[in-house]
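Everything below concerns the one structure shown next.
Every number here is computed from the coordinates shown, using simple stated rules; none is lab data. Given the structure is predicted, the values throughout are model-derived calculations rather than measurements. Cβ: placed from backbone, ideal geometry, glycine included. Neighbour counts: every protein chain shown.
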Amino acid sequence: MTIARALTVAGSDSGGGAGIQADLKTFQELDVFGMTALTAVTAQNTLGVHGIYPLTVEAVQKQMDAIGEDIGTDAVKTGMLFNSDIIRGVAEKLVQYKWEKVVVDPVMIAKGGSVLLLEEAVRALREVLMPLALVITPNVPEAELIAGRTIRGLDDRKEAARVLADLGAKNVVMKGGHDESNPNEVIDLLYDGRDFYEFSSPRQETRHTHGTGCTFAAAMTAELAKGRTVVQAVEVAKQFIQAAIEDTIQLGQGHGPTNHWAYQRRQAVVRQGAGR
Ligand SMILES: Nc1ncnc2c1ncn2[C@@H]1O[C@H](COP(=O)(O)OP(=O)(O)O)[C@@H](O)[C@H]1O
Ligand SMILES: Cc1ncc(COP(=O)(O)OP(=O)(O)O)c(N)n1
């Protein structure tokens, strides 16, 4: 039996809703063998981030070597990278192992406002990592910071996506959760350097959205690892996160995690209905 493999290079969320925990759960649900290179440990729950402990560049690179020299991977996702040294170290390994299906989730700020990427690192993200990205998946505030422009609505998002593509990312998926210009729907926008594609879903009224960005990018990475196109990967990721937000699980006192089982459970119901 051959199985698709995916590596996440990201921070740990002790609360289990975001970071490598969300990535691994998503890979598993999408039938992909998940592996990790940890960049930082965070003490985190639904109320916020209570401590950040970055690893050394050597520790991050050694973990990537351990995968590169043995198991290998079909796709890589990067999440919380925290500082410019880690970004440069990760970029070096992506090049060394010729890993090309790279999804860069430019994690910057957690929902509660904690800084997950130091200001000094934004330049390295732009100059060193973005040119290696098959896909970059910023939310609106992240896109504003990287592109250096204000975004108000879909037309601004398209202009900013063009700027991000000019920085070297082959595909830009600008997620729409923070774009409140449309109160009823959430549109995730894909720009492939030529055309724009819009992926819409109803906007859910919920505070349980911790880790939505990580989960969405991990689902894309899993689908790319299986050989799907970028458009197909966004379609599945959108369905995966929509199910995970809608079928809410009530955990914690603050911004709770999403439901990583929901997508597969819905698929099973569809299969049963079709008698398969
Ligand atoms: N309230 C919501 N209702 C439905 N989908 C949402 C909602 N908030 C976020 N999403 C979806 O979750 C994913 C992450 O979106 P976003 O909130 O923009 O990013 P981040 O979690 O990185 O801040 C996107 O696919 C987006 O469509
Ligand atoms: C360890 C870690 N990595 C990433 C995030 C940010 O996750 P995201 O999916 O953007 O969700 P929110 O934090 O915005 O809810 C994180 N919190 N921790």
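Here is how the numbers come out for the structure above:
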quantity: Spin-label proximity, residue 159 to region 192-211 - amide N less than 11 Å from point 7 Å beyond Cα toward beta carbon; calculated: none
quantity: Computed magnitude of the charge dipole of region 148-222 (debye, nearest 20; Cβ of K, R +1, Cβ of D, E -1); calculated: 200 debye
quantity: Pairwise FRET efficiency - residue 58 versus residue 198, Cβ, R0 = 45 Å, nearest 0.05; calculated: 0.60
quantity: Potential lengthening between residue 247 and residue 261 on full extension [0.36 nm per residue; Cα-Cα distance subtracted]; calculated: 4.1 nm
quantity: Expected 222 nm ellipticity per residue - DSSP helices of 4 or more, -39500 (n - 2.57), all of the chain, to 500; calculated: -11000 deg cm²/dmol
quantity: Fewest-first ranking of 81, 251, using other Cβ atoms within 10 Å as the exposure measure; calculated: 251, 81
quantity: Taking 87, 52 and counting other C-beta atoms within 10 Å, the order from fewest to most; calculated: 52, 87
quantity: Cα-based Rg of the chain normalised by 2.2 N^0.38 Å, two decimals; calculated: 0.93
quantity: For residue 186, residues with placed amide H under 5 Å, excluding near neighbours; calculated: 201, 203
quantity: Rounded, prolate or oblate (a/c below 1.5 giving rounded, otherwise prolate when a/b exceeds b/c) for region 103-243 by Cα gyration tensor; calculated: rounded
quantity: Net charge dipole size for region 1-120 [Lys, Arg +1 and Asp, Glu -1 on Cβ; Debye, nearest 20]; calculated: 140 debye
quantity: Cα lying deepest toward the dipole's positive end in the chain, options 201, 140, 161, charges on Cβ; calculated: 201
quantity: Distance violations [Cα-Cα > 24 Å] among 25/98; 98/238; 62/98; 111/175; 77/226; calculated: 25/98; 98/238
quantity: Counted charge near residue 167, where neighbours are those whose Cβ lies closer than 9 Å (Asp, Glu -1; Lys, Arg +1); calculated: -1
quantity: Within the chain: Cβ-based charge dipole about Cα centre, in debye rounded to nearest 20 (Lys, Arg +1; Asp, Glu -1); calculated: 480 debye
quantity: Neighbour-count order for 221, 42, fewest beta carbons within 10 angstrom listed first; calculated: 42, 221
